[in-house]
Amino acid sequence: MSGNSGRLGDPAGRIGIGLDLDATHMKILEVLRENGRISVAALAERVGISRANAYTRFEALRADGAIKRFTAEIDHVRAGLGITALVFVTVRQQMWKQFRAELARMPEVEYCAITTGQHDAMIQVRVSDVAEVHRLVTERMANIPAVKATETVFILDEVLRRPYVLPTDRDAAGRTSRRATPEAAEVPLGKMRFVGAAEGRAALRKDG
């Protein structure tokens with residue numbers, strides 16, 4: 001994102017200003033999701049507002065903290081990290097502080113979330129080979145006193161990864177679905193087509 005604000009990533013002037021996000025703000029976020037390095041002029045054209053308005057709104061999104069930061073997305077395979085795994089961890093409840101501290105020292109960990117259910121945390125790791133996952137889990141994690149048990153799942157294919165989702169995505173998907181579904185569309189093999197109640201009753205009367 002380029003403009004009059006200096007270098008990309010400069011800290012915003014204010015944080016948490018209580019900005020009320022409207023449809024124009026959402027459209028700006030949609031455009032930035034496709035291209036975070038877009039110019040203010042191009043952003044204004046895509047959204048349909050003036051350049052000054054686009055700049056003001058963009059800076060307000062940063063100042064409010066709605067836009068936290070800009071970063072690059074890499075190809076992990078090209079970077080030599082072709083193996084991705086999820087490690088589900090059961091943590092000894094009185095040792096969360098130690099668990100967090102030990103986890104922060106593991107550079108292979110890309111993401112960690114505290115979860116409900118059978119396990120307490122889900123950790124995503126990226127490494128170069130399967131043996132490295134084995135060493136990470138059985139040697140390093142197993143030796144952390146805070147870790148009670150682990151379960152490892154390898155990711156075979158990352159089917160879908162979005163930078164972020166927006167509330168407006170559901171509305172857009174609904175409009176697309178209604179436009180793209182003709183009443184008498186052919187149903188591909190292996191798919192299901194739901195029949196409306198009135199249509200189904202009419203078919204039953206004909207068969208009877």
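Details
- Residue pairs whose Cβ atoms lie under 8 Å apart, separated by 6 or more positions or on different chains, with the first residue in region 36-57 and closer than 20 Å to residue 71 by Cα and without any contact (Cβ under 8 Å) to a residue 40 or more places away in the chain and the second open to solvent by 70 Å² or more (accessible area, probe 1.4 Å) and among the polar types (S, T, N, Q), are 40/4.
- In region 146-173, the qualifying residues are those that are part of a loop (DSSP other than H, G, I, E, B) and under 17 Å from residue 83 (Cα atoms), and the one that is least open to solvent (accessible area, probe 1.4 Å) is 155.
- Residues satisfying the stated conditions in region 72-123, i.e. among the acidic types (Asp, Glu) and more than 20 Å from the chain's Cα centre (by Cα): 102, 120
- Residue ranges of helices (runs of 4 or more DSSP H) in region 42-145 with at least 1 members touching a Lys or Arg at 6+ places or on another chain (Cβ under 6 Å) and open to solvent by less than 60 Å² (accessible area, probe 1.4 Å): 51-64
- Residue 38 fulfils the conditions (1) open to solvent by less than 70 Å² (accessible area, probe 1.4 Å); (2) under 25 Å from residue 113 (Cβ atoms) except for a single criterion, (2).
The values are calculated or read from the model by the stated rules, or taken from the named source; none is laboratory data. Just so it is clear, the structure is predicted and the values come from calculations on it, not from any experiment. Counting neighbours? That spans all protein chains shown, and the Cβs are built from the backbone with ideal geometry, glycine included. To get the accessible areas, we keep the full protein, side chains included, count just its heavy atoms, and leave off ligands, DNA and RNA. Shrake-Rupley method; radii C 1.70, N 1.55, O 1.52, S 1.80 Å.
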